[in-house]
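Structure first, then comments.
What follows draws every value from the coordinates through simple rules; no lab data is involved. The shown structure was predicted, so the numbers you read here are calculated from the model rather than taken from an experiment. Methodologically, a virtual Cβ is constructed for each residue, glycine included, from the backbone with ideal geometry; neighbour enumeration extends over all protein chains shown.
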Amino acid sequence: MRLLVRALKQVIIGHFKAFKLNQPNMKTIINSLKYFAIISVTILFMSCQSSEKTKHEPIPTGEGKLKVEGGNIWYKVTGDGQDTPLVLLHGGPGYSSFYLKPLEELGKDRQVIRYDQLGAGKSDMVTDSSLFTVDHFVDELETLRTHLKVEKWHVLGHSWGSILALEYFKKYPDHVTSLIFGSPCLDLKLWEQSTNELLLTLPDSLLTAVHRADSTGVYDDPLYEKAINTFYDKYLWGQDPVLEELDSMVSTANPAVYTYMWGPSEFSITGTLKNYNGLKNMEETDLPVLFTVGEFDEIKPSYVQDMAAHFKNSKVKVFSNSSHLTTWDAREQNIQVVKEFLEQQEVQ
């Protein structure tokens with residue numbers, strides 16, 4: 001819209017200069033006034049059009065199963081709002097979307113699509129490691145968009161879901177209105193630095209067990225398991241986990257996917273994603289991007305600020321007293337921050 005107005009202004013300026021040089025008669029003056037009136041009405045009309053929210057065709061609500069390469073995925077569409085839909089990408093990999101349920105409250109403004117990636121949650125359990133790739137999960141998401149007949153959507157990716165969201169945008173930019181990265185891991189070197197720093201808060205015996213396991217590659221150690229539980233209680237599950245949802249997440253997790261792509265724990269990254277860094281050349285995109293992170297997240301806010309610096313149209317929100325699963329520790333604040341960000345995109 002701004003480009004159109006600027007172009008029309010240039011046309012008016014050029015016409016006005018010609019008007020002064022030609023010393024017009026009365027007929028020319030009247031025609032020029034008509035011309036300027038048409039231009040003014042055009043600008044006004046386009047401004048009104050651009051300020052109105054685009055209404056989207058409703059997606060049938062409820063749960064469904066969709067066939068993708070390797071099996072069937074479960075999805076759920078919530079809400080009846082007509083603004084641009086929002087799709088939620090859960091973390092893991094190999095976990096599920098139970099903890100993202102609070103964001104379905106955004107359905108009053110827009111429809112919210114929550115789904116479980118193939119291999120975990122309510123989707124088919126699979127063990128074929130050839131399916132455990134970023135490309136597979138990107139194409140799986142695009143299959144879902146096509147199935148639901150969504151032209152464009154906002155994409156929210158949490159934790160590993162941030163990698164999926166970013167890679168989806170790179171491959172299908174025309175279908176993404178904005179990106180939201182929750183507790184992101186867009187550069188795994190930064191993630192490792194963060195978790196290594198937080199490991200120093202554990203008792204020496206547990207820290208020694210982690211170092212021993214990482215150096216030998218042997219992770220079947222009760223002390224290493226204790227280190228995982230201690231670390232997760234402090235920086236992952238948070239102060240106020242929804243126990244029913246946490247039980248569902250753990251019981252439907254797929255260790256095969258998680259171990260193959262990530263590793264034995266959040267702080268020991270040995271899988272195929274170990275050297276991932278998706279931030280290269282992201283300075284070139286104008287897409288609106290929101291970063292969110294917990295104050296006591298396993299990815300420290302300072303490192304999220306570093307990631308956000310790669311996007312020229314980004315903002316960062318830190319949720320106080322929250323760990324990694326901010327939809328539990330900072331439920332209402334999380335919903336409100338995402339809601340306000342999405343509303344801003346609707347009128348631009």
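As an exercise, identify the chymotrypsin sites (Phe, Trp or Tyr not before Pro) in region 280-348 lying in DSSP coil whose Cβ has no more than 16 other Cβ atoms within 10 Å. Please list the in-between numbers first.
Values: sites: 291, 296, 303, 311, 319, 328, 341; in loops: 296, 311.
The qualifying sites: there are none.
Please report, in whole Å³, the volume per residue of the convex hull around the C-alpha atoms of region 155-256.
Values: hull volume 15.3 nm³, N = 102.
It comes to 150 Å³ per residue, whole-number rounded.
Can you tally the net charge around residue 224? Count Lys and Arg as +1, Asp and Glu as -1, for every other residue whose Cβ sits under 10 Å from the Cβ of residue 224. Before the final figure, lay out each step's value.
Values: positive: 212, 226; negative: 214, 220, 221, 225.
For residues surrounding residue 224, the net value is -2.
Treat each spin label as a single point 7 Å out from the Cα along the C-beta direction, and report the residue 230 to residue 335 distance in nm.
Output for this residue pair reads 3.6 nm.
Between residue 108 and residue 283, how many nm apart are label points set 7 Å from Cα along the C-beta direction?
Distance between the two pseudo-spin positions: 4.2 nm.
If the chain between residue 239 and residue 344 were fully stretched, how many nm would it gain, using 0.36 nm times the residue separation less the Cα-Cα distance?
On the way: separation 105, 0.36 × 105 = 37.80 nm, distance 3.11 nm.
Extra length available between residue 239 and residue 344 comes to 34.7 nm.
Quick check: from the Cα gyration tensor, does region 202-324 come out rounded (a/c under 1.5), prolate or oblate?
Details: a/c = 1.89, a/b = 1.52, b/c = 1.24.
Prolate shape, in that a/c is at least 1.5 and a/b is the bigger ratio.
At a Förster distance of 30 Å, what's the computed FRET efficiency of residue 211 paired with residue 295, Cβ-Cβ distance as r, to 0.05? Please report the intermediate quantities before stating the final value.
Values: r = 27 Å, r/R0 = 0.90.
About 0.65, to the nearest 0.05.
Where does region 57-348 land on the Kirkwood hydrodynamic radius, alpha-carbon pairs, in angstrom? It would help to have the intermediate numbers written out before the result.
Values: mean 1/r = 0.0523 Å⁻¹.
Computed over Cα pairs of region 57-348, the Kirkwood hydrodynamic radius comes out at 19.1 Å.
Please list, in order, the residues from region 98-112 whose amide nitrogen is less than 14 Å from a point placed 7 Å along the Cα→Cβ vector of residue 251.
Residues 98 qualify, since their backbone N sits under 14 Å from the label point.
All other residues with a Cβ under 12 Å from the Cβ of residue 236 taken together, and with Lys, Arg as +1 and Asp, Glu as -1, what is their net charge? Write down the numbers at each step before the final one.
Working: positive: 234; negative: 233, 266, 297, 298, 329.
Result for the neighbourhood of residue 236: -4.
Could you tell me which of rounded, prolate or oblate describes region 68-189, using a ≥ b ≥ c as the square roots of the eigenvalues of the alpha-carbon gyration tensor, with rounded for a/c under 1.5 and, failing that, prolate when a/b is larger than b/c and oblate otherwise?
On the way: a/c = 1.45, a/b = 1.31, b/c = 1.11.
Cα axes put region 68-189 in the rounded bin.
Starting from the Cα gyration tensor of region 239-301, take the square roots of the eigenvalues, sort them a ≥ b ≥ c, and report rounded, prolate or oblate (rounded when a/c is under 1.5, otherwise prolate if a/b is larger than b/c, else oblate). Before the final figure, lay out each step's value.
On the way: a/c = 2.22, a/b = 1.35, b/c = 1.64.
Cα axes put region 239-301 in the oblate bin.
Starting from the Kirkwood Rh over alpha-carbon pairs, what translational D in µm² s⁻¹ does region 265-327 have by Stokes-Einstein at 4 °C and 1.567 mPa s?
Working: Rh = 13.0 Å.
The calculation lands on 100 µm²/s.
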